Amino acid sequence: MAKKTTKKTVAKKKTSKADKSSAPASKKTTKKPVKKTTAKKTATKKASAKKTAAPKKNKTLADFQKVRPFNNYDKALNYLFSVTDYERARHMRYNVDTFDLERMSKLLELLGNPHKGKKFIHVAGTKGKGSTATLLARLLQANGFKVGLYTSPHLLSLHERIEFNSRRIDQNELSEMINKSRPVVEYMEHVGMKPTFFEIFTALAILYFDQMGADISVLETGLGGRLDATNVVDPLVSIITRISIDHQYQLGRTIDKIAYEKAGIIKPGVPVVTVEQEEAALQVISEVAEKKGSPLWVINKNVNFSARVESSPEYGPHARICVDTETSMYHHIRVPLPGEHQAENLALALAAIDQLKRMEYEIDDEKIIEGIETVSLPGRMELIWNDPKVLIDVAHNAASIKALIRAVGQHVPYDSMVMIFGCNRDKDVVGMLKELQYGADKLIFTRSNFPKAVSPTDLAELYTEHTGKMCQTATSLGEALQIARRAVNRDDLICITGSFYLAGQAKERFIKAAQRA
């Protein structure tokens, strides 16, 4: 019993010593506070970092205006291309999150509201927007107005999108506009309202036109109309060109839904000029115009219009139009751009001129005729090579392909036509393919270097499925041209179409070929 008791007593004593002052226990006790201290230090550092970062949230526009401007064009352009570009995005939603007019309005406000109190003509539609906008700008310029012109997309250079009195914005001017907008763009990103590439570029155009003292600026919408970045202006006249199926993923799969988005540019009391649309489209435009109290003028309804195609030794095949408005009569006017569809675009431009005359703008009809004669537009049935004949066109929807095939037949003599086609996935692909079968003697599918381009294999499969006809594919434009050249002789035609990007790529290629020759 004594032994057992002794052991218990010893055990108790050891426990007591360990509790009081044993070395190992002392080390353990020392470590714990160290860990707590380290944790406190870490927490203190984090809190300190937060305190240091806190002022960043409270930065003002003035803080961003201290940034040094870009000292060369390439740096400025690279910065511009670094922002979100929905034009190149493979998939995008067309909604108020992606396309936000509040964000665009804020961008312009911070740039000094260069659009307020200025004169604009706004152009939306599916077909012929760029042609109509360009025609109108040239007619106004011929009458002595200082005219800004904003269009998109471009064939070869971003500078094509911004013109003032027929001159494209140059590198120094574009760099200056980017430097002016950069502090605002970075501030907006800081506060969670980061603008997109198209919003920034639209703002640059408006800022540039204001700086150049434009009397009137003609703005073409980029996508749709209702939520388009250009739709922050109050125009003198709204123009809606012909509407057809296009950008279905974003704007809707029916003509009335697309028309609703295009009609979004109609402003209260502002006159609207349009063409004799499909019934569903015209009904939507009429309803929106009536709701907003906007006078509606329709070519071939309450604006007299007729067109014909003829040929002469001086001009060769060409269209002529007659347009009667309440202020003018334009009879047997030669359309400067090839194709009957361009006759309709010129009629729209003349109808818009009529509206300006009603507002007492001084416009001389003789100068209008002179202005028409000056108009040319790259990428619209443009012959870029002669042996063999190579033609490019930016047709990128079913109605445009149909118009192109008809216009080629009217204006370009050839024995056989080889078509090289590539398009983007956000278009009415099947609709275009169905139209191609009526014009191409031989069809080669390829793709541009644009991210949204449909693969040639997919195009070929869809074409065969919907038409039952044969075709060929090429992985690049260069390969497609090699196939086409082997198939044509001197009197044949190679036609490259389907998108701005493919047409632009082709033009650039042949410009370089001409320089080497």
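Quick look at the values:
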| quantity | calculated |
| --- | --- |
| Cα gyration tensor, the stretch 73-373 - rounded (a/c under 1.5), prolate or oblate | prolate |
| By average C-beta atoms within 10 angstrom, highest first, the peptides 135-145, 161-171 | 135-145, 161-171 |
| Among the listed pairs LYS127/LYS292; LYS389/LYS442; LYS146/LYS357; LYS119/LYS257; LYS180/LYS262; LYS129/LYS267, those beyond 21 Å (Cα-Cα) | LYS127/LYS292; LYS119/LYS257; LYS180/LYS262 |
| Peptide ranges 235-242, 370-377 listed from the most packed, as the mean C-beta count within 10 angstrom indicates | 235-242, 370-377 |
| Fully extended contour minus Cα-Cα distance, from ASN386 to SER416, at 0.36 nm per residue | 9.3 nm |
| Of the chymotrypsin sites (Phe, Trp or Tyr not before Pro) in the stretch 426-467, those whose Cβ has at most 12 other Cβ within 10 Å and which sit in DSSP loop | TYR438 |
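A short reminder: the numbers here are calculations on the coordinates, not readings from a lab. Values in this document were obtained by computation on a predicted structure and should not be read as measured data. Positions of Cβ are backbone-derived with ideal geometry, glycine not excepted, and every protein chain shown enters the neighbour counts.
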